[in-house]
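See structure below.
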Amino acid sequence: MSAPTRMSVRDLVDSVLDPEMPMLTLADLGIVRGVEITDDHRVVVTITPTYSGCPAIATMRVDIEETLRRNGYADVRVDTSLAPAWSSDWITDEGRRKLREFGYSLPGPAPTRAPGPIPLTLTARPRDLVCPNCGSADVRLVSEFGATLCKAQYRCATCLEPFDHVKEI
């Protein structure tokens with residue numbers, strides 16, 4: 001194998017699908033924070049999960065490693081970086097398009113946080129949402145935690161359809 005190039009490695013990493021929302025790549029979600037090839041041809045990928053306790057992080061790591069190894073990159077390391085914390089603002093325009101196309105309610109701008117301790121709140125922050133199915137603003141929170149931690153489940157009072165909202169984080 002010839003010496004790997006950053007572009008081909010980055011393209012491979014960017015093609016890895018999110019295990020929880022497989023219509024999106026990890027790159028669409030902004031989870032891939034860096035791809036580096038060391039002088040001795042080791043591929044080092046840095047990812048930031050949507051939540052520090054994301055249950056899919058192990059699957060993401062394995063999927064990245066397997067994709068690279070299947071394409072001839074034997075020496076692969078996947079690092080997890082929790083700082084800065086992932087932000088829904090990192091979702092790409094293409095990722096937002098795919099979310100919308102698959103019926104998800106898109107996150108608004110991530111909340112800004114002051115430095116220092118994060119206040120504990122016991123209730124969900126109100127969100128100004130519209131139903132991705134019919135466009136009605138008459139929606140109700142069903143559960144702050146949907147099928148994954150990064151989504152909340154809502155139901156439209158107009159068309160009665162349930163839908164997931166990708167949280168602002």
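Please give the Cα centre distance for the range 54-70 versus the range 112-169, rounded to the nearest Å. So the separation of the two Cα centres works out to 28 Å. Dipole of the chain (Lys/Arg Cβ +1, Asp/Glu Cβ -1, origin at the Cα centre): which of T158, A56, I31 lies farthest to the positive side? Result: T158, furthest along the dipole toward the positive end. The three principal axes of the Cα atoms in the chain give end-to-end lengths of 59, 38, 23 Å, sorted in falling order. Scalar couplings 3J(HN,Hα) for the range 132-146, obtained by applying the Karplus form with A = 6.51, B = -1.76, C = 1.60 to θ = phi - 60°, are x, 8, 10, x, 5, 8, 8, 10, 10, 6, 9, 8, 5, 10, x Hz; x denotes Gly and Pro. Computed over the range 87-157, the P(r) tail beyond 19 angstrom holds 42 percent of alpha carbon pairs.
Pairs of alpha-carbon atoms within less than 8 angstrom and 6+ residues apart define the contacts here; what relative contact order does the chain have, in percent? This gives 18 percent for the chain.
Annotation: amide H-H contacts under 5 Å for S136 (H modelled 1.01 Å from N, sequence separation of 5 or more, or interchain): C131.
Applying a 4.7 Å Cβ-Cβ cutoff to the chain, the cysteines left without a disulfide-compatible partner are C54, C150.
Throughout, read-outs are computed from the coordinates displayed, never taken from laboratory work. Bear in mind that the values here come from a model prediction, so they are computed numbers and not experimental data. So basically every Cβ, Gly included, is an ideal-geometry build from the backbone, and we count neighbours across all protein chains shown.
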